[in-house]
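Presented below is the structure to which this report refers.
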Amino acid sequence: MDRAWIPEGVQRCSAGAFYSWMALWLFVLGAAVTTALLILWKGLNQTNMNDYFGFGAWITADLGVIALGAGAFFSGFLTYVLRVKELKALINFAVIIGFICYSSALLILTLDIGQPLRGWFGYWFPNIHSMLTEVIFCITLYFTVLTIEYVPLILENRKIYANPVAHTLSHNFHEAMAIFAAIGTFLSFFHQGSLGGMYGVLYARPFAFREGFFVWPWTFFLFIFSAISTGPTFTVLVTMILQKVTKKRLVPRESLSVLAKIAGWLLCGYVIVKIADTYYWATHILPARGLTLAEQYHGYQYGLWLLFAEIGLCGIVPALILITRRLRENDKWLVLACALASFGVVLNRFIFTVQTLAMPVYPFDKWYIYFPSWQEWVTSMAVIAYGAVIISLSYRYLPVFPYERDLNPPAR
Amino acid sequence: MSEHHEVASKEKYGMVIDLDKCTGCGACTVACLSENNHYVREDESDKLRSVAWMKVYKVTNGEPFPNTKVAFIPRPCMHCDHHTPCVSVCPVMATDYNPLTGIVSQIYTRCIGCRYCVGACPYHARYFNWWDPVWPEGMHKLLNPDMSPRMRGVVEKCSFCNHRLQKAKDKAYVEGRRDLRDGEYVTACAEDCPTKAITFGNMKDPESAVAKLIKSPGAFRLLEKLGTQPKVYYLSNESWIRALGDNALGRKRTARPA
């Protein structure tokens, strides 16, 4: 039925199977949109946030997907600027993942502000001292860059490409892609950093506050480092999942290994500086405020296990797996390492977002527990459904993987 | 960020709360609610969503009966004087530090409700409007015309009854004066406190009651180690109460909200 829209020389499932698959995800997405409308109508009282937890699941999801989406800009940087040729096989897919992550972050942010209709105030009345202003501008600009990177891929759809205007446009976009990759790298470095800076500058919140360099707290650099080391692992992870679902090899194994190896070494570096940062925080920053490391953790939900899980289980373990050739070449170990690293960065963003607010600063105050409402869960989880829809459509109708035909020759 | 806005001004308003006089009656909270046109929902049991610009914390010395001691700590906005945490983070400049008065105020029609300021404030002095404001039938007539009500989805906080400052200045202007007399501009909470535990005034006026009280030996501020330089001071002769004002290494967090 839609055969003419499918790229030449590749095998795709039947239209019926595809539409059934899409119907499932669209149903989930529909539920999320309905929930979002409920929130917009009734207000943020539909969440479990309160005046102690001004930030919650949505900001965690935002920061998480933005960090995971860093695979797009960093792969672009490696491919177009550093000319790592192996990554050409998955750069298109990395861009799509980045596009999904950033667009969903913007959508969630729209829900998260109390006055969505005033969202444009961020551009109109910018406070140049606020890290959030930097975030607003950089995310918007980088999302524009991602869109520019995604559009030529859409234009390469078999039917659209037949149009001479689309053909020319796509060609010209490709010519300029190195420039966009460089711009994207610059913007993305800054806003990943700004997101970290948002917490590090909170000098009256001992859990988050960090000293730093010039106007940037150390969290600025830690967030960049963690994003560029875990974003690529997420790209590898999603590629592996897609290969499993489609039962095809879509990119050469070497491409995944190269990206995983780079991510592994970066993760090693990140873990070292994270440990150094934690040590300085525990021995200098906290004592200066009359606090100890033990007082920053509490009970089960906010226990010290979070620190070990974040740095050890989701940092050191995947880093060691990824830098060990024998383990990296094994699909199961690779998936495990990428899943741990990806989860780790989301955990890190959760800790900075929620634990910062949960830790009682007054000596006479107590810890409070935050657990998201079902509305927050549904809208946050919708990112998965949204991603599945975009990836499914892109995979079916666009030439996402340039080596797919070579890797899957037609059966005789 | 006050250090960037230091200007020659004869005014810097502050508050002193004598905790040894405070009985925890809550009159300050009620006066504030009334003065500033707060609405009250039918169910206010969720205290983490209940707006109270002047919140009264009940604390104990952590000792078991019969050695238990109780005190009350009324907490308005601290109007931090150094690098005001909420002012610097607001992405849309909806939070303002007035260098002429030292008052930190909120522009409700500018606020986008991102709640970054709520996260930045260690004193929990900022409140988000989780619901549309609704008053019982006929109560609109009792609202204070000098104070704008706030809409759903914006953050609000204690303004040191800034509108009263405007009124006092108007009155002084009509009387041909440029400066206010001590006690001419006071907040609703200070005015209504039955034990006169709250004193409000110009800290730069050496003759004001506030300026004298903040030099008392028992004066302290909350969370001073953070370096926010609050303009709200507390007085107490009880060492255990003064100790609760800030975190200290080697001291167990035994005191807790009662």
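Go through the range B:32-65 and give me each residue that's more than 13 Å from every other protein chain (Cβ to nearest Cβ) and crowded, with 18+ Cβ neighbours inside 10 Å.
Those that are more than 13 Å from every other protein chain (Cβ to nearest Cβ) and crowded, with 18+ Cβ neighbours inside 10 Å: B:32, B:33, B:35, B:36, B:37, B:38, B:54.
Can you list the helices (runs of 4 or more DSSP H) found entirely within the range A:147-213 that contain at least 2 residues being in contact with a helix residue (DSSP H, G or I) (Cβ under 9 Å, 6 or more places away or on another chain) and within 30 Å of residue A:277 (Cβ to Cβ)?
A:177-200
Against the conditions (1) under 19 Å from the mean Cα position of the chain (by Cα); (2) over 28 Å from residue A:14 (Cβ atoms), where does residue A:388 fall short? Just the number, please.
The one condition residue A:388 does not meet is (2).
Among the residues of the range B:71-86, is any in contact (Cβ under 8 Å) with a residue 60 or more places away in the chain and over 25 Å from residue A:202 (Cα atoms)?
The answer is yes; a qualifying residue exists.
Assuming residue B:29 fulfils every condition listed in (1) more than 21 Å from residue A:204 (Cα to Cα); (2) within 10 Å of chain A (Cβ to nearest Cβ); (3) not in a loop (DSSP other than H, G, I, E, B) apart from one, which condition is it?
Failing condition for residue B:29: (2).
Can you confirm whether the range A:285-296 contains a residue that is more than 22 Å from residue A:127 (Cβ to Cβ), more than 12 Å from every other protein chain (Cβ to nearest Cβ) and free of Cβ contacts under 8 Å to residues at least 24 places away in the same chain?
Residues of the range A:285-296 that are more than 22 Å from residue A:127 (Cβ to Cβ), as a first pass: A:285-296.
Subsequent filtering for residues that are more than 12 Å from every other protein chain (Cβ to nearest Cβ) retains none.
Among the residues of the range A:285-296, not one is more than 22 Å from residue A:127 (Cβ to Cβ), more than 12 Å from every other protein chain (Cβ to nearest Cβ) and free of Cβ contacts under 8 Å to residues at least 24 places away in the same chain, which makes the answer no.
Quick check on my filter: what residues within the range A:360-408 are without any contact (Cβ under 8 Å) to a residue 24 or more places away in the chain and in a loop (DSSP other than H, G, I, E, B)?
If the condition is that a residue be without any contact (Cβ under 8 Å) to a residue 24 or more places away in the chain and in a loop (DSSP other than H, G, I, E, B), then A:360, A:362, A:363, A:364, A:365, A:366 are the ones that fit.
Would you confirm whether or not the range A:311-334 contains a residue that is buried (at least 18 other Cβ atoms within 10 Å of the Cβ), outside any helix (DSSP H, G or I) and in contact (Cβ under 8 Å) with a residue 24 or more places away in the chain?
no
Being under 22 Å from the mean Cα position of the chain (by Cα), modelled with pLDDT of 95 or more and not β-branched (Val, Ile, Thr) is the filter here; which residues of the range A:372-384 pass it?
A:372, A:375, A:376, A:377
Look through A:75, A:103 and report the one residue that is closer than 19 Å to residue A:390 by Cα and of a type in the set (S, T, N, Q).
Matching residue, one of A:75, A:103: A:103.
Looking at the range A:254-284, which of the residues that are under 25 Å from residue A:342 (Cβ atoms) and either within 14 Å of chain B (Cβ to nearest Cβ) or without any contact (Cβ under 8 Å) to a residue 40 or more places away in the chain (or both) is surrounded by the fewest Cβ atoms within 10 Å (Cβ to Cβ)? Show your work before the answer.
If we filter the range A:254-284 for residues that are under 25 Å from residue A:342 (Cβ atoms), which is where we start, we get A:254-278, A:281.
Narrowing further to those that are either within 14 Å of chain B (Cβ to nearest Cβ) or without any contact (Cβ under 8 Å) to a residue 40 or more places away in the chain (or both): A:272, A:275-276, A:278.
Values: A:272: 14, A:275: 14, A:276: 11, A:278: 14.
Going through the qualifying residues, I end up with A:276.
Determine the pairs where a residue that is assigned to a loop (DSSP other than H, G, I, E, B), located within the range B:33-58, has a partner that is among the aliphatic types (A, V, I, L, M) with Cβ atoms under 7 Å apart, the partner being 6 or more residues away or on another chain.
B:36/B:147; B:37/B:143; B:37/B:147; B:38/B:51; B:39/B:134
Residues in the range B:201-214: is at least one over 20 Å from residue B:20 (Cβ atoms), surrounded by 14 or more Cβ atoms within 10 Å (Cβ to Cβ), of a type in the set (Ser, Thr, Tyr) and more than 14 Å from every other protein chain (Cβ to nearest Cβ)?
Yes, the conditions are met somewhere in the range B:201-214.
How about the range A:94-130: which of its residues are facing chain B (nearest Cβ under 7 Å), touching a residue at least 12 places away in the same chain (Cβ under 8 Å) and in a helix (DSSP H, G or I)?
Matches in the range A:94-130: A:122 only.
Out of all the residues in the range A:32-55, is one or more crowded, with 18+ Cβ neighbours inside 10 Å and more than 30 Å from residue B:44 (Cα to Cα)?
No, every residue in the range A:32-55 fails to be crowded, with 18+ Cβ neighbours inside 10 Å and more than 30 Å from residue B:44 (Cα to Cα).
The values are calculated or read from the model by the stated rules, or taken from the named source; none is laboratory data. Computed from a predicted structure; not experimentally measured. Heads up, the Cβs are rebuilt from the backbone with ideal geometry, glycines too, and the neighbour counts pull from every protein chain shown.
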